[in-house]
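All remarks here apply to the structure that follows.
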Ligand code: Z16
């Protein structure tokens, strides 16, 4: 770009910003104020994307291509502004424009609130996939709910988690385009009524329903500098006019307003449980609301292309179910095809199976969704009938193929009977889909050989794997500009859209000059983080120490406790002077606990209590620090990850389906200490055994130990350091004001069998941590390992994942 042109574009951007401040926001542009100019910049950037977005959406219609519908109750897109700016390739322009107003772009970016429309990995994965669909030009849409309140805002008060309301739309977001005229009617409750059609066949219709409207709200997702902009459509609940009129006519004004407000509660708040769904009525209402609205939109688009027959529906539509949360889709599509479009059951079922595919994200038994037959029957009476009919035909079929196998019928049935009648949503998703995938090799294998073994026998080839990925745009280019620049200076920028190019870095792994530049970048990132921690917590940390990070949802299977036991062990060693010298470490913890998960909340308190003891002990000095950063979210992850030396991925083997934080760390040059679990296994495979700190029992060991004979008490008795650490916790060393406070944690380990095998892995973990420290003392070795981690992470781009879905599951190809 020539200088005059770029000056011109900077000048016109400046004009736009001021015009928006004055005419969109109605504020005086003088003097330039941060908050107003931030919004002015947002609107100016948005203007530049809208044209591309309209054109992309039009091109779908023109090419009558098969589209992908990625249905997810959760999205965690993170902040948009920088993502949009970089997608448009106008970062320098923006920096200059705001600089001319005496403002700093990086400061403006901090004005943006994070849309927390998800819990953790599953929601963030959906957003990485949106980014990759846009960058790979896969014709697709994301569908979800526009919650008024995202995941709760976490504060730490006296070491305890407190939950605050995250009213992220309080000040309208410039990124959410509300389509006030674009609404669908959604029905609930009522009853299913049989009637005879003109040909004398028995048919059903859903009558006497209550209804609510779904309003479309769109968010743009741009590809990286390719002019392609994908749409994410989030539904917001709006009460129907009928609803109001009925009450108003009765003269019941207050009642009218009250029921209006209640019906709009559907999209009010995200449920904050990550892996243990609670069978709450409002949650099922959210699921169906979102499914019914999305299918009306899908059908509207299908009809718009003038299709003569529904037989070609699966050639036009691929629906990916992100976990079982949208699985009621299968009954909904059957209802539409059979009741409204008058297709035969058999035809409708074939269409369904060709349309849907389902991604499973967990094997934890408490996470597998079920809904009581009573609730579904009440809220969605016609859908329950359809589910029963699907089940009847399915079990009929199984009975014919495996005569006399009552056990098999019971294990495969859509209805579980052991705990009152419950509909198993995973079973519905499996039989209604053509493909079911797990999210990492090990996880997919467990689905086939343990969790859904009987289904795998029944439908050979239906189960497959697509290992998760992360978008290099957000997780390297945007989050780590210094490293991106260094990488670019030796291998160019190809990696941004083809991450396999990172392998060219391997040639520099032992180059002393490159190593030094690598270390400088990492040091710089650590200093930036230290400044952030000081600002946020008022705690000083030393960037020369080893930054050891455990950041993810707080859950027993993720074993934050194992890490805490290591910290206490180091603490005891330092205090007793039993190590000649110690590699100074700073431990970072961050993550939210589900508000009803008491054990997880107690773990947060314990981390903070241990931190308080360690940080306040003069005997420890700089050698060990523990910080818990409140309110972990996407933009906090972007600050933490580029500054990490060590990534903690220490879940009990077999329990973390994939993990994606593990990928973000390794991509940014952190080394991993981890178990053979989820995607850790595949990360270790590509970065090399020598460049990964492995410990712990394997999934098969875990399975064996769970089958009997595991005795944590015996391990406790025989390991002095472990015993000491546990005794300190249970006798109140970290809670002198309430000595029994942490008893439930120690009880879960000693009295209740240590289900997550913390004690079983303790010794190996502590030993491997010692190896970490030793390697860290050799900067050339550590830096080499770090470079080789980044260099070999090409596989974990979400572009690769999306292209696998496109080729093998959706059967769609990129637009040209
Ligand atoms: C979630 O984030 C995940 C699983 C689940 O059942 C529910 C939620 Cl909200 C996570 C997995 O725990 C994690 O291993 C995986 O990487 C992620 O989903 C994306 O697949």
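Considering only DSSP beta bridges where both residues belong to the chain, give the percentage that are antiparallel (nearest 5). Just about 45 percent of them are antiparallel.
Could you run the Debye sum over the Cα atoms of the stretch 26-184, one equal point scatterer each and no solvent, and tell me log10 of I(q)/I(0) at q = 0.10, 0.12, 0.19 Å⁻¹, two decimals? Evaluating at q = 0.10, 0.12, 0.19 Å⁻¹ gives log10 I(q)/I(0) of -0.47, -0.67, -1.39. Each principal axis of the Cα atoms in the stretch 491-571 has its own extent, and those three values, largest first, are 42, 31, 25 angstrom. Here the calculated FRET efficiency for residue 201 and residue 441, from their Cβ-Cβ distance with R0 = 60 Å, stands at 0.80, rounded to the nearest 0.05. At a Förster distance of 41 Å, what's the computed FRET efficiency of residue 350 paired with residue 419, Cβ-Cβ distance as r, to 0.05? Efficiency for this residue pair is about 0.80.
Relative contact order for the chain: 13 percent, from Cα pairs under 8 Å spaced at least 6 residues apart, divided by residue count. Counting 0.36 nm for each residue step from residue 111 to residue 813 and taking away their Cα separation leaves a gain of 248.9 nm. What separates the Cα centres of the stretch 345-403 and the stretch 223-302 is a distance of 24 Å. Each residue in 498, 456 was given a count of other beta-carbon atoms within 10 angstrom of its own, and listing them fewest first yields 498, 456.
For the peptides 671-682, 501-512, residues were scored by their other Cβ atoms within 10 Å and the scores averaged per peptide; the highest-first order is 671-682, 501-512.
Neighbour counts of other Cβ atoms within 10 Å put 800, 771, 303, 473 in the fewest-to-most order 303, 771, 800, 473.
Considering the stretch 121-211, its Cα convex hull presents a mean projected area of 12.3 nm². Per residue, the convex hull spanned by the Cα atoms of the stretch 701-792 amounts to 146 cubic angstrom. The distance linking the stretch 465-499 with the stretch 169-202 is 42 Å (Cα centroid to Cα centroid, whole angstrom). The residues 706, 434, when put in order of fewest to most other Cβ atoms within 10 Å, stand as 706, 434.
Projecting the alpha carbon convex hull of the chain along each direction and taking the average yields 38.5 nm². The alpha-carbon atoms of the stretch 254-409, seen along their principal axes, cover 57, 46, 29 angstrom, with the largest extent given first.
Over the C-alpha trace of the stretch 307-360, radius of gyration and Dmax come out as 11.0, 34 angstrom.
Size descriptor for the stretch 477-796, Kirkwood hydrodynamic radius: 20.1 Å (Cα pairs only, one decimal). Each helix, a run of at least 4 DSSP H residues, gives -39500 (n - 2.57); summed and divided by the residues of the chain, these come to -14000 deg cm²/dmol at 222 nm. The orientation-averaged projected area of the convex hull spanned by the Cα atoms of the stretch 361-466 comes to 6.9 nm². For residue 622 and residue 713, the difference between the fully extended length at 0.36 nm per residue and the C-alpha to C-alpha distance is 29.3 nm. Each part gets one Cα centre, and for the stretch 663-736 versus the stretch 508-561 those centres are 21 Å apart. The ratio of the alpha-carbon radius of gyration of the stretch 171-251 to the globular-protein estimate 2.2 N^0.38 Å is 1.67.
Any read-out appearing in this document is the output of simple, stated calculations on the displayed coordinates, not a laboratory observation. Not measured: the values here are computed from a predicted model. All Cβ positions, even for glycine, are placed from backbone atoms using ideal geometry, and neighbour counts span all protein chains on display.
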